[in-house]
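Shown next, in structure tokens, is the structure this report addresses.
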Amino acid sequence: MTCHICTACGTQFEESTEPPSACPVCEDDRQFVPPSGQAWTNMAEISSNHEIKWIEEAKGIHSLQISPNFGIGQRAFLIEGPGGNILWDCLSVVDETSREKIDALGGLAAIAISHPHFYSSMMEWSEAFGEVPVYVHADDGEWVQRSGPALTRWTGEKLELNRATLIRCGGHFAGSSVLYCPWLEDGRGALFTGDTMQVTLDRKYVSFMRSFPNLIPLNARAVKAIGEAVHPYRFEAIYGGFSGRTIKRDGSCVIERSVARYISAIEDPSASQA
């Protein structure tokens with residue numbers, strides 16, 4: 001029996017003798033099945049020629065990314081916290097080096113996931129650290145491909161978690177969430193966004209999409225709701241879901257002006273021609 005992993009999106013499935021007939025995550029219009037077709041692997045095969053690259057992004061913030069890139073290529077974060085360490089978002093591989101580093105930093109108190117594209121091998125990570133609880137929003141429960149007793153489907157608009165706050169924003173997925181950590185950046189706060197909002201390449205704005213690879217935008221109502229969900233929180237830094245996608249200053253103001261710019265662009269045709 002094998003827990004097969006989709007090579008396109010990196011999602012791990014329940015144990016089975018044969019690979020799944022399809023990957024629902026990839027067949028959804030927010031993701032895609034590659035032109036070469038659906039393919040499957042497993043953790044042992046990935047581990048044979050990949051490793052997890054660690055970067056200390058700031059005090060108490062470590063990014064983790066599979067190298068060379070695998071699946072979607074996202075980064076996860078090990079966040080050191082006064083209420084216990086949190087793994088934000090997840091990867092398809094758990095390696096011994098990462099286990100040792102996390103144990104040396106005090107272990108894990110919780111795993112929290114922004115949205116289904118980054119579920120990856122979340123239950124495998126939980127098992128590696130003693131069935132640590134995994135938090136996904138209940139609105140996205142249909143996308144879970146491997147479950148277990150540690151999985152917690154949280155509900156509502158926010159959840160206090162080890163002195164951090166999980167905030168449901170919606171948009172990209174119904175349960176798309178961000179993580180607010182007020183103690184980071186020397187007490188000025190940090191927001192971890194996954195794909196709920198993505199830092200642009202100029203590092204001056206964030207933007208919003210239903211599908212990033214298929215270029216499907218969100219409507220104005222959805223983007224306003226995202227802005228409103230995070231408006232009560234003040235933070236200096238924004239950490240997006242991919243390498244280098246970080247804004248280090250005035251994060252709260254960045255999101256406010258990003259919402260305004262996006263809505264202007266989609267509601268006023270002249271804005272895109274200026």
Please work out which residue is farthest from Phe242 (Cα to Cα), limiting yourself to the stretch 30-74 and to residues that are of a type in the set (Asp, Glu) and in a strand (DSSP E or B).
Glu51
Residues (touching a Phe, Trp or Tyr at 6+ places or on another chain (Cβ under 7 Å) and free of Cβ contacts under 8 Å to residues at least 24 places away in the same chain) located in the stretch 21-40
Cys26
Across the stretch 75-92, the tally of residues that are in a loop (DSSP other than H, G, I, E, B) and under 23 Å from Asp28 (Cβ atoms) stands at 4
On the given criteria, is Ile247 under 15 Å from the mean Cα position of the chain (by Cα), crowded, with 18+ Cβ neighbours inside 10 Å, more than 18 Å from Ala174 (Cβ to Cβ) and at pLDDT 95 or above?
no
Would you mind finding the one in Tyr205, Tyr233, Tyr262 that is over 20 Å from Leu87 (Cα atoms), of a type outside the set (Lys, Arg), crowded, with 16+ Cβ neighbours inside 10 Å and in contact (Cβ under 8 Å) with a residue 60 or more places away in the chain?
Tyr233
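Just need a number here: residues in the stretch 104-155 that are of a type in the set (Gly, Ala, Ser), out of contact with any Lys or Arg (no Cβ under 9 Å at 6 or more places or on another chain), surrounded by fewer than 22 Cβ atoms within 10 Å (Cβ to Cβ) and not in a loop (DSSP other than H, G, I, E, B).
Residues that pass the stated criteria total 1.
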Consider Glu228 against the criteria (1) out of contact with any strand residue (DSSP E or B) (no Cβ under 6 Å at 6 or more places or on another chain); (2) in contact (Cβ under 8 Å) with a residue 40 or more places away in the chain: it satisfies all of them except one. Which criterion is unmet?
(2)
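The values are calculated or read from the model by the stated rules, or taken from the named source; none is laboratory data. Every value quoted in this text rests on a predicted model; they were computed, and no experiment measured them. Neighbour counts run over all protein chains shown; Cβ positions are idealised from the backbone, glycine included.
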